[in-house]
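Bear in mind these aren't lab numbers, they're just calculated from the coordinates by the rules spelled out. What you are looking at is a predicted structure, and each value in this text was computed from that prediction instead of being measured. Every residue, glycine as well, gets a Cβ built from its backbone with ideal geometry; the counts of neighbours run over all protein chains shown.
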Amino acid sequence: MQEWARELGFSQIGIAGIDLADAEAGLGHWLHNGFHGEMAYMAAHGLRRARPAELVPGTVSVITARMDYLPRATPEGWQGIEFERLERTGEGIVSVYARGRDYHKVLRSRLQKLADRIAETLGPFGHRVFTDSAPVLEAELASRSGQGWRGKHTLVLDRDAGSMFFLGEIYVDIALPPSEPVTAHCGSCSACIDICPTQAIIAPHRLDARRCISYLTIEHAGPIPVELRAAIGNRIYGCDDCQLICPWNKFAKKSALPDFDERDGLSGQHLAALFAWTEEAFLRFTEGSPIRRIGHERWLRNVAVGLGNALRAGDTRAAAALATRALHPSALVREHVEWALAQSAPFV
């Protein structure tokens, strides 16, 4: 099965059982504290996320899969290069994983192909594939099936591949021998906690999504909290800081697929150019990309915050760009533009 998986672009697969009872308390506490923010679907499904057989009746095993996503052209020292980009305050930064094709589409189709290969050998069996698309405890299942351990940032880490990979699952109705989990290797390191711009990692293995830049720029639909806007800097879709600083990501692997190669127009662009995108341009540049899901309005909201931070740093293009949207029909956009214009640096 591992050979089939690698032929499809996966770096590893594992098998997990479905008894996640000891994860329910942590999940319940996370939901009770509201750390899921506006991701209402998480609360709606409640503890069902920790009960695979309730999500898909008949499930007795879960096949987990891991797929590396660093673009094939990623250079040596890529972590340092990404940190340098954050220092160029006028440049809009999109999270590495989102610079290529939408991973949901890539993983889902390849997981289905893997299931088809298994069926050819074992005969027809009940199954359902998932990739960040249902109430599934992906990281928990991945760590239980030997894909890695849960880092202090809550992501799965592997000694040979860091954390720059996507996860997917196949819920199956056939009993498969579970893989052995691996031991944790974070030790006393707290780099991911220390570097988080908004202090979203409130303790080892505890993330308050309401403060997370990835959540704020992608999942959150309303105004970005004013007190967190400055910390967002020039990050306009997602945030990689906790992964960039992680020592294990010096071992991160490049993708075996062209799907995650960087697209033209998404990297190295000034925020002013990205803010000028019409809705038509936004849809064109984000076709087949995960970025499209936030829509043009939230895109402008995010870029406006970046422009405000650039303006504070003395960027001469920011104010003129912001002025073009001062009368935008969206109240959400207008409010963020107004805030951004008020960030004008003194003596500039």
* **Per-peptide average of other Cβ atoms within 10 Å, ordering 199-209, 305-315 highest first** => 305-315, 199-209
* To do: Only Cα pairs under 8 Å and at least 6 apart count here; give the relative contact order of the chain as a rounded whole percent.
  => 23
* Structure fact -> With 0.36 nm assigned to each residue of separation and the Cα-Cα distance removed, HIS205 to GLU76 gains 43.5 nm
* To do: Run through the DSSP bridge list for the chain and note the antiparallel percent, rounded to the nearest 5.
  => 90
* Once Lys and Arg get +1 and Asp and Glu get -1 on their Cβ, which of PRO197, GLY268, GLY17 lies farthest toward the positive end of the dipole of segment 2-269? -> GLY268
* To do: Could you calculate, for segment 2-269, the ratio of the Cα radius of gyration to the Kirkwood radius, expressed as Rg to Rh?
  => 0.95
* **³J(HN,Hα), Karplus 6.51/-1.76/1.60, whole Hz, each residue of segment 207-223, x for Gly, Pro** => 10, 9, 4, 5, 9, 6, 5, 4, 5, 5, 8, 10, 7, 6, 8, x, x
* In the chain, what is the count of Lys pairs whose alpha carbons are under 25 Å apart, counting only pairs at least 8 residues apart or on separate chains? -> 8
* How big is D for segment 98-226, in µm² s⁻¹ as a whole number, if Stokes-Einstein is applied with the Kirkwood radius of its Cα pairs at 25 °C and 0.890 mPa s? -> 145
* **Summed side-chain charge close to VAL96 - residues other than VAL96 whose Cβ falls under 9 Å, Lys, Arg +1, Asp, Glu -1** => -2
* To do: Identify, among PRO135, THR217, LEU111, the residue whose Cα sits farthest towards the positive end of the charge dipole of segment 2-269, taking +1 on the Cβ of Lys and Arg and -1 on the Cβ of Asp and Glu, with the dipole about the Cα centre.
  => THR217
